1. Can you find, within segment A:197-229, the residue that is nearest to residue A:176 (Cα to Cα) among those that are in contact with a helix residue (DSSP H, G or I) (Cβ under 7 Å, 6 or more places away or on another chain) and part of a loop (DSSP other than H, G, I, E, B)?
2. Pick out the one residue from B:273, B:269 that is assigned by TED's automatic domain parsing to the domain that holds residue B:240, touching a helix residue (DSSP H, G or I) at 6+ places or on another chain (Cβ under 8 Å), at pLDDT 90 or above and closer than 30 Å to residue A:55 by Cα.
3. Please pick out the residue among B:196, B:259 that is in a helix (DSSP H, G or I), touching a helix residue (DSSP H, G or I) at 6+ places or on another chain (Cβ under 7 Å) and in contact (Cβ under 8 Å) with a residue 24 or more places away in the chain.
4. I need a count of the residues in segment B:214-234 that are assigned to a helix (DSSP H, G or I) and either farther than 13 Å from residue B:200 by Cβ or out of contact with any helix residue (DSSP H, G or I) (no Cβ under 8 Å at 6 or more places or on another chain) (or both).
5. Quick one: how many residues across segment B:1-17 are touching a helix residue (DSSP H, G or I) at 6+ places or on another chain (Cβ under 8 Å), surrounded by 15 or more Cβ atoms within 10 Å (Cβ to Cβ), at the interface with chain A (Cβ under 8 Å from one of its Cβ atoms) and over 11 Å from residue B:229 (Cβ atoms)?
6. Kindly indicate whether residue A:247 is modelled with pLDDT under 90 and part of a helix (DSSP H, G or I).
7. Got a sec? Which helices (runs of 4 or more DSSP H) wholly within segment A:16-132 have at least 2 residues that are more than 13 Å from every other protein chain (Cβ to nearest Cβ)?
8. So which residues in segment B:153-193 are assigned to a helix (DSSP H, G or I) and at pLDDT below 85?
């Protein structure tokens with residue numbers, strides 16, 4: 001029943017020369033789930049995510065996103081997903097409104113949709129006063145929240161978030177996760193990588209990657225039980241200690 | 001089409017919000033067109049001449065006067081010894097030394113022949129050689145003058161002479177600026193087209209926005225058109241500005257039609273924009289893009305036929321210039337602006353540059369990948 005799965009991966013592998021960045025990973029993500037994708041630096045999280053988003057061609061293995069094959073339907077998948085990269089990637093020399101309009105437009109949304117939704121979005125983010133401010137002038141926390149809103153502006157089935165809260169203060173981080181919950185409540189599947197282990201607790205299920213393979217995958221509660229740990233932090237420590245790869 | 005509209009809107013907003021791009025687009029052509037043609041003058045003037053006059057006669061003085069009156073030479077010094085003059089060459093005070101021997105006048109009248117000696121400072125070879133050629137012509141001229149003055153007394157039959165008069169077609173006054181201005185305009189257009197496009201796209205790579213674009217359903221050709229069209233328009237604006245400057249400052253307006261120039265420029269711009277795009281697909285940082293375009297521009301400029309004539313290059317170099325789009329446009333500019341050539345005359349160049357546009361853009365599109 002692939003229809004009910006947002007993402008499936010089967011022996012998905014990415015090699016860069018001799019280096020195997022992602023080594024035959026297999027897992028499934030249910031529709032509407034918040035799926036945490038954890039791992040140390042260089043474990044292969046971003047590479048895996050880039051394959052699902054159609055930015056990187058897998059070396060071997062199979063995968064589907066929104067029921068579509070990532071080899072054949074690469075471009076069709078793009079209409080159905082949102083993506084927020086590690087690097088902030090809205091246009092800093094465009095205003096808040098212009099950025100929203102641009103991304104709405106290139107996903108083929110109508111002018112009336114863009115206009116209506118922009119107002120709602122600005123209201124939710126409390127950015128009405130900054131609508132015509134250049135994005136470059138916003139504080140980092142606001143930028144990240146805006147980037148997330150833009151990533152789901154075209155109402156995708158799945159949104160991929162690559163370390164969305166890096167460098168953001170704890171209060172904004174909490175607000176950010178509230179936005180993720182709201183998105184999930186609307187039925188958007190959330191696939192998120194993070195380094196913050198408290199955030200892992202917010203996920204429905206969590207996978208932990210070590211050296212290109214998935215070392216563990218379950219709900220946070222089950223993982224803690226399995227590893228006799230009091231928090232996700234301890235689980236992660238036990239798994240990642242054996243890692244051979246260092247930074248990137 | 002709708003996607004393209006959003007892309008163009010975004011590009012134009014960004015361009016007009018960036019003061020440095022605007023400065024490049026509007027100030028660069030004006031400054032370059034005003035300074036370069038005035039400064040880069042191939043006519044030799046101000047050749048520093050040092051004369052060693054051992055004769056101090058009426059004739060020797062007349063010769064010196066005639067030379068300085070030509071307007072090409074600046075009499076830097078008159079020395080008594082050749083050694084002193086050589087020292088002037090060593091100190092770079094002299095480009096040319098003219099030595100007039102002892103008894104120059106006497107020999108000229110009595111023996112009907114006299115020698116002079118010219119030493120050339122070959123460090124600035126062109127200047128020295130051209131100066132020597134000028135001076136030779138002046139001395140010959142002077143020779144004829146004396147002969148015709150002395151002839152009536154000698155009883156010899158007058159020597160037959162061949163007089164040469166010149167007519168310079170297409171640029172009657174041999175005005176160097178007529179030659180330079182259209183050429184510089186071509187270089188400007190090339191720089192705007194290739195460099196700005198390359199840097200613009202690579203900047204998106206550097207900031208990371210291109211990755212965000214690559215996860216959207218934007219078609220590759222839409223994205224590329226969205227990048228090329230704004231710079232295509234800007235290129236034509238720069239050219240128009242250039243023609244305004246050419247008209248106002250130098251009084252140059254094309255002998256042929258603007259239509260043929262713009263038609264050619266429209267396709268030419270596509271070719272250089274394609275080149276910029278190609279450079280961007282091979283570079284990851286703005287620095288790389290800058291260096292590569294700088295390298296290409298150097299070759300384009302020096303082998304484009306503006307500063308050195310292509311027909312006097314060695315054959316292998318002439319083959320290289322065939323791969324240089326700049327050389328075709330400079331050709332076309334000169335044909336249309338100076339000769340008044342029509343669209344029909346520039347058709348060969350037109351087809352060649354269309355080929356360039358297809359190859360460069362095709363290569364760039366092929367090499368631009370949304371997925372690595």
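1. Looking at the filtered set, the residue picked out is A:202.
2. Matching residue, one of B:273, B:269: B:273.
3. B:196
4. Total satisfying the criteria: 6.
5. Residues flagged as touching a helix residue (DSSP H, G or I) at 6+ places or on another chain (Cβ under 8 Å), surrounded by 15 or more Cβ atoms within 10 Å (Cβ to Cβ), at the interface with chain A (Cβ under 8 Å from one of its Cβ atoms) and over 11 Å from residue B:229 (Cβ atoms) within segment B:1-17 amount to 5.
6. It is false that residue A:247 is modelled with pLDDT under 90 and part of a helix (DSSP H, G or I).
7. A:45-52, A:111-125
8. B:153, B:154, B:176, B:177, B:178, B:179, B:180, B:192
The values are calculated or read from the model by the stated rules, or taken from the named source; none is laboratory data. Since we're looking at a predicted model, the values are computed, not measured. Note that each Cβ is placed from the backbone with ideal geometry, even for glycine, and that neighbours are counted across all protein chains shown.
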